[in-house]
Amino acid sequence: MDDRVHVDESELRIVQLLCRGYDDARVGRELGLAHRTVQRRVHALMVRLNVNGRFALGARAQELGWIDMRATAPRSGRPAAGVFGDRVADAA
């Protein structure tokens with residue numbers, strides 16, 4: 001696999017927010033993007049990185065140095081349930 005995959009600032013922010021446990025709708029609200037746009041961009045990243053799922057996307061993003069899982073952990077100290085899942089409920 002080529003480790004020189006380009007990522008733009010928006011894509012990087014999407015991956016970071018997903019790592020924090022945000023669902024697609026919440027990522028969209030944070031970034032001012034439509035829910036469907038977030039879904040399309042996540043899918044495009046998975047295709048570009050040749051991974052078959054959101055968990056694998058997060059793992060690959062970490063391998064590439066795009067994210068640091070220690071820095072994106074939720075502030076509660078608990079691991080984010082459903083990281084990279086579609087149906088993660090927004091934290092209250």
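Observations, loosely collected:
- Counting only residues that are more than 20 Å from Ala56 (Cβ to Cβ) and either part of a helix (DSSP H, G or I) or in contact with a Ser or Thr (Cβ under 9 Å, 6 or more places away or on another chain) (or both), the stretch 1-16 holds 2 of them.
- Some residue of the stretch 17-28 being more than 10 Å from the chain's Cα centre (by Cα) and in a loop (DSSP other than H, G, I, E, B): no
- Among the residues of the stretch 33-92, those that are modelled with pLDDT under 90 and part of a helix (DSSP H, G or I) comprise Met69, Arg70, Ala71, Thr72.
The values are calculated or read from the model by the stated rules, or taken from the named source; none is laboratory data. It should be emphasised that the depicted structure is a prediction, and the values quoted were computed from it without experimental measurement. Every residue, glycine as well, gets a Cβ built from its backbone with ideal geometry; the counts of neighbours run over all protein chains shown.
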